[in-house]
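**Student:** This is the structure I have questions about; it appears just below.
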Amino acid sequence: MSAKQGRLFDDLPMPEGMANLVKIAGSTRQLDPEQRHFNRLTDQVRRRREELRLWQERFDRLRQRVTSELLPLIEQMRVAQIGLVKRIDALLSDPAAAGRLTRRRRESLEAYLVHLINPLLEECDDPELKAIHARHSPFSQEEESELTRELAEALLSEMFGADALDGFAGGTLEDMVEHAYARHEQKQSARPATKRATAKAQALAEAQQEADHALREVYRKLASQLHPDRTTDPHEHQRRTELMQKVNTAYEKRDLLGLLTLQLECEQLDADRLAELPQARIQRFNHALREQIRTLDEEKKELIELIATGLQTSTHFITRNPPEMLDHVLDHRLEQARATLCTLQERIDALTEPQRHKTILDEIASEMEALEYETAMRLGIKMDWNEDGPPVTPKAPHPARSSPSKKRRKKKK
């Protein structure tokens, strides 16, 4: 969607019910195919506008809840993460306390600290957090960034080809992905077009020209009648100025239905006059209306993608479920955030009480082993675990026992 077209869900102010009058009068049998198509297209534009208005309302309500409910929780989680990182660092830096830790618990605690601190360092360049990271991570922050970059390069090369990053001048990971994707699009567009693709592109170009012609035609007729400089009456000048603002807005948004509605308001057009328009003009109107429908559909798609991103779910899930499901998904995210915050705070409290150290450290160790196993499975790395996954808690080996058959043999002897 071009910036010139703007947001079509900002409907133009108009008299109640006026938009529904943009229709060619007559029964279906009386109208020719292009006239019937015009009526169908104007109905589709109105329905698309209403759908877009409802999606915009859902998006606005969701954004308001995210701002007032979720973002404060995320900030509390960030503060709790920093507090827990500092508490773990203090524990590991205390020779007496660290000396009482088993190797498994110490390694798991350091891995957990790095797991907590990495997302914090992505958001801010805190010298204290960087120093803690340097004390407990086997890699420096720069080395981890380089490893992440190498992994990203490998994935992009696999997705888009070995030359995906040719000509990349450097930058963030987002810049790298954008460069690879743009290069892929450029290669795709450079491929020889098939006859069918060429014919389709030509048809779209012709439809665009017809739509431009229709919009200019209606705009010029309105501007000719409504230009404020054509009157000396102050009140009429003000009225025309306001109407011309509506006309200019509709033209900039390529909103043919809005322009036709303004023609009705200015008595330049009515149902009978629409019926008398030549077929070539109705065809041009239809091209413009089809373009308007595509733009409205794109607007709706963008809103749904924004909602899906905010809720961390798929667009398919958003479109296949009723609107009230959006609140349920956000409620679930809030519940997860509260649970995470509660866990962080409980671990801060537990690590300040020596009698609770063992339980919480074993919990963290099991959690990090499960995370390591999940990452290894995702990357296809073979681990020294059985197929059921990592052990939840370490178990001491049973003492060696003689088998019953051996005991029986000893008795016989």
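Listed here are the residues, each with its yes/no results for (1) among the aromatic types (Phe, Trp, Tyr); (2) open to solvent by less than 20 Å² (accessible area, probe 1.4 Å); (3) within 30 Å of Arg338 (Cβ to Cβ).
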{"residue": "Leu70", "(1), (2), (3)": "no, yes, yes"}
{"residue": "Arg100", "(1), (2), (3)": "no, no, no"}
{"residue": "Asn118", "(1), (2), (3)": "no, no, yes"}
{"residue": "Glu122", "(1), (2), (3)": "no, no, yes"}
{"residue": "Ile132", "(1), (2), (3)": "no, yes, yes"}
{"residue": "Ser145", "(1), (2), (3)": "no, no, no"}
{"residue": "Leu151", "(1), (2), (3)": "no, no, no"}
{"residue": "Ser157", "(1), (2), (3)": "no, no, no"}
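**Student:** Condition first: more than 14 Å from Tyr219 (Cβ to Cβ) and in contact with a helix residue (DSSP H, G or I) (Cβ under 8 Å, 6 or more places away or on another chain). Can you find one or more residues in the stretch 239-249 that meet it? Please lay out each step first, then the result.
**Tutor:** Initial filter on the stretch 239-249 (more than 14 Å from Tyr219 (Cβ to Cβ)): 239-242.
Applying the additional criterion that residues be in contact with a helix residue (DSSP H, G or I) (Cβ under 8 Å, 6 or more places away or on another chain) yields 240-241.
There is at least one residue in the stretch 239-249 that is more than 14 Å from Tyr219 (Cβ to Cβ) and in contact with a helix residue (DSSP H, G or I) (Cβ under 8 Å, 6 or more places away or on another chain).
**Student:** Would you say Glu298 is open to solvent by 60 Å² or more (accessible area, probe 1.4 Å), modelled with pLDDT of 90 or more and assigned to a helix (DSSP H, G or I)?
**Tutor:** Numbers: open to solvent by 60 Å² or more (accessible area, probe 1.4 Å): yes; modelled with pLDDT of 90 or more: yes; assigned to a helix (DSSP H, G or I): yes.
Answer is yes for this residue.
**Student:** Which members of the stretch 309-335 meet the condition of being of a type in the set (A, V, I, L, M, F, W, C) and over 13 Å from Val66 (Cα atoms)? If you could, list the steps in order and put the result at the bottom.
**Tutor:** Taking the stretch 309-335 and keeping what is of a type in the set (A, V, I, L, M, F, W, C), we get 311, 317-318, 325-326, 329-330, 334.
Once the filter is applied, which keeps residues that are of a type in the set (A, V, I, L, M, F, W, C) and over 13 Å from Val66 (Cα atoms), the stretch 309-335 yields Phe317, Ile318, Met325.
**Student:** So, one more: Report, by residue number, each residue of the stretch 36-46 that is under 16 Å from Ala214 (Cβ atoms) and open to solvent by 20 Å² or more (accessible area, probe 1.4 Å).
**Tutor:** His37
**Student:** May I pose another question? Residues in the stretch 164-189 that are among the acidic types (Asp, Glu) and surrounded by fewer than 12 Cβ atoms within 10 Å (Cβ to Cβ): how many?
**Tutor:** If we filter the stretch 164-189 for residues that are among the acidic types (Asp, Glu), which is where we start, we get 166, 174-175, 178, 185.
Next, only the ones that are surrounded by fewer than 12 Cβ atoms within 10 Å (Cβ to Cβ) stay: 166, 174, 185.
Here the count works out to 3.
**Student:** Among the residues of the stretch 172-187, are any modelled with pLDDT under 85, in a helix (DSSP H, G or I) and among the polar types (S, T, N, Q)? If you could, list the steps in order and put the result at the bottom.
**Tutor:** So the first thing to find is which residues in the stretch 172-187 are modelled with pLDDT under 85, and the list is 172-187.
Remaining after also requiring in a helix (DSSP H, G or I): 173-187.
Going one step further and asking which of them are among the polar types (S, T, N, Q), we end up with 186.
Looking for residues that are modelled with pLDDT under 85, in a helix (DSSP H, G or I) and among the polar types (S, T, N, Q), one finds at least one in the stretch 172-187, hence yes.
**Student:** What pairs come out if I take residues in the stretch 108-131 that are under 28 Å from Asp362 (Cβ atoms) and modelled with pLDDT of 85 or more and pair them with residues that are of a type in the set (Asp, Glu) and not in a helix (DSSP H, G or I) whose C-beta lies under 9 Å away, six or more apart or interchain?
**Tutor:** Listed pairs, sorted by first residue: Leu120/Asp126.
**Student:** So, one more: So, restricting to helices (runs of 4 or more DSSP H) that lie completely within the stretch 303-413, which ones have at least 3 residues that are at pLDDT 80 or above and under 30 Å from Leu54 (Cα atoms)? So that I can check it myself, show each step before the final result.
**Tutor:** On the way: elements: 315-320, 324-350, 357-379, 404-412.
Filter on the stretch 303-413 gives 315-320, 324-350.
**Student:** Which of the residues spanning the stretch 133-159 are of a type in the set (Ser, Thr, Tyr) and assigned to a helix (DSSP H, G or I)? Walk me through it before giving the result.
**Tutor:** Our first condition is that a residue be of a type in the set (Ser, Thr, Tyr); within the stretch 133-159, this holds for 137, 140, 145, 148, 157.
Within the stretch 133-159, Ser145, Thr148, Ser157 meet the criteria.
**Student:** Can you name the number of the only condition in (1) surrounded by 12 or more Cβ atoms within 10 Å (Cβ to Cβ); (2) aliphatic (A, V, I, L, M); (3) part of a helix (DSSP H, G or I) that Ala96 fails?
**Tutor:** (1)
**Student:** Additional query: Could you tell me whether any residue of the stretch 261-276 is within 26 Å of Trp55 (Cα to Cα), at pLDDT 85 or above, crowded, with 21+ Cβ neighbours inside 10 Å and not acidic (Asp, Glu)?
**Tutor:** Going through the stretch 261-276, the residues within 26 Å of Trp55 (Cα to Cα) turn out to be 261-262.
The next check asks that each one be at pLDDT 85 or above; those that pass are none.
Scanning the stretch 261-276 turns up no residue that is within 26 Å of Trp55 (Cα to Cα), at pLDDT 85 or above, crowded, with 21+ Cβ neighbours inside 10 Å and not acidic (Asp, Glu).
**Student:** Could I ask something else about it? Among the residues of the stretch 305-325, what is the count of those that are buried (at least 17 other Cβ atoms within 10 Å of the Cβ) and within 13 Å of Gln56 (Cα to Cα)?
**Tutor:** The initial filter retains those residues of the stretch 305-325 that are buried (at least 17 other Cβ atoms within 10 Å of the Cβ), namely 307-308, 310-311, 313, 318.
Filter once more, keeping what is within 13 Å of Gln56 (Cα to Cα): 307.
Qualifying residue count for the region: 1.
**Student:** Could you go through the stretch 60-80 and let me know if any residue there is assigned to a helix (DSSP H, G or I), within 30 Å of Leu259 (Cβ to Cβ) and at pLDDT 90 or above. Don't jump to the end; show me each part of the working.
**Tutor:** We begin by selecting, within the stretch 60-80, every residue assigned to a helix (DSSP H, G or I); these are 60-80.
If we keep only those that are within 30 Å of Leu259 (Cβ to Cβ) as well, we get 60.
Next cut, at pLDDT 90 or above only: 60.
Yes, because at least one residue in the stretch 60-80 is assigned to a helix (DSSP H, G or I), within 30 Å of Leu259 (Cβ to Cβ) and at pLDDT 90 or above.
**Student:** Which one is most open to solvent (accessible area, probe 1.4 Å), of the residues in the stretch 245-260 that are farther than 26 Å from Ala275 by Cα and either outside any helix (DSSP H, G or I) or touching a residue at least 12 places away in the same chain (Cβ under 8 Å) (or both)?
**Tutor:** It comes out as Glu252.
The values are calculated or read from the model by the stated rules, or taken from the named source; none is laboratory data. Computed from a predicted model, the values in this text were never measured in an experiment. Please note: Cβ atoms are built from the backbone with ideal geometry, for glycine as well, and neighbour counts cover all protein chains shown. Protein only, heavy atoms only, side chains kept; ligands, DNA and RNA dropped before computing areas. Shrake-Rupley method; radii C 1.70, N 1.55, O 1.52, S 1.80 Å.
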